[in-house]
Amino acid sequence: MLTHAELKAKALADPEAKAEYERVNREEYALLDEMLAARRSAGLTQAQIAERMGTKAPAIARLENALASGKHSPSLDTLNTVDPSFRATSMRD
């Protein structure tokens with residue numbers, strides 16, 4: 001049985017798979033950048049965003065840390081779920 005790292009390396013040896021992997025990563029990180037910038041420009045804390053999303057501040061911290069570290073990448077489903085909360089903050093006066 002292959003480890004995760006071995007399976008990933010094998011899959012990314014295919015140029016088409018690698019290109020798609022990189023495209024998806026760019027999209028995810030662009031969404032994270034947008035979400036973080038919206039929160040900061042609205043002057044809201046992680047706790048305030050978490051309350052609007054119906055979650056806890058550590059969940060928001062994990063999302064934001066994913067942007068900085070690159071060690072964990074939330075799924076597009078997760079990002080699409082939280083994105084409306086962040087967009088609402090960016091349109092706030």
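Residues that are at pLDDT below 85, at least 1 per element: which helices (runs of 4 or more DSSP H) completely within the chain meet that? It would help to see each step written out before you state the result.
On the way: elements: 4-12, 15-42, 46-53, 57-69, 76-90.
Of the helices (runs of 4 or more DSSP H) lying wholly inside the chain, those with at least 1 residues that are at pLDDT below 85 span 15-42, 46-53, 57-69, 76-90.
Does residue 32 count as closer than 24 Å to residue 61 by Cα and surrounded by 11 or more Cβ atoms within 10 Å (Cβ to Cβ)?
yes
The values are calculated or read from the model by the stated rules, or taken from the named source; none is laboratory data. Because the structure is a prediction, the values reported are computed rather than measured. Because the Cβ atoms are built from the backbone with ideal geometry, glycine has one as well, and the counts that use them run over all protein chains shown.
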